[in-house]
1. Any residue in the range 1-22 that's of a type in the set (Val, Ile, Thr): show its pairings with residues that are open to solvent by 100 Å² or more (accessible area, probe 1.4 Å) at Cβ separation under 8 Å, as long as the two are six or more apart or on different chains.
2. Do you know which residues across the range 15-32 are polar (S, T, N, Q) and at pLDDT 80 or above?
3. Cβ contacts < 9 Å: first residue farther than 16 Å from ARG70 by Cβ, restricted to the range 44-59; second residue of a type outside the set (Val, Ile, Thr), any location; separation 6+ or different chain. Result?
4. Go through the residues of the range 35-57 one by one and say whether even a single one is open to solvent by less than 90 Å² (accessible area, probe 1.4 Å), outside any loop (DSSP other than H, G, I, E, B) and at pLDDT below 85.
5. For ARG29, which of the numbered conditions (1) within 22 Å of SER3 (Cβ to Cβ); (2) without any contact (Cβ under 8 Å) to a residue 24 or more places away in the chain fails to hold?
Amino acid sequence: MLSANGGFYRYAVKTKALSTGDSFADVLRPAVDPDHSATEGLTSAENLRLVEAARARSKRAYAVVLCLCRGDERRTRR
């Protein structure tokens, strides 16, 4: 949320929608390890159920979910 607000504020200042300085510039941001996430992904069974539900819904939903699931597979293989 902090990053999104800061980015929006920088954009507003850059486009001169706001004339004051960036009030988010001096906010200390938490350190983040780019190689670790506490967020758990879907299990294989949950992924399969998601793909099956998307396929039953529409071709578009199926295509989007397949792309997302394939991207997840590529990230976990590294």
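The values are calculated or read from the model by the stated rules, or taken from the named source; none is laboratory data. The structure displayed is predicted, hence computed values, not measured ones. Here the Cβ is made from the backbone with ideal geometry for all residues, glycine too, and neighbour counts use every protein chain on show. Heavy atoms of the whole protein, side chains included, go into the accessibility calculation; ligands, DNA and RNA do not. Shrake-Rupley method; radii C 1.70, N 1.55, O 1.52, S 1.80 Å.
1. VAL13/SER19
2. Once the filter is applied, which keeps residues that are polar (S, T, N, Q) and at pLDDT 80 or above, the range 15-32 yields only THR15.
3. ARG49/LEU42; ALA53/ALA61; ALA56/TYR62
4. There is no residue in the range 35-57 that is open to solvent by less than 90 Å² (accessible area, probe 1.4 Å), outside any loop (DSSP other than H, G, I, E, B) and at pLDDT below 85.
5. It fails just one condition, (2).
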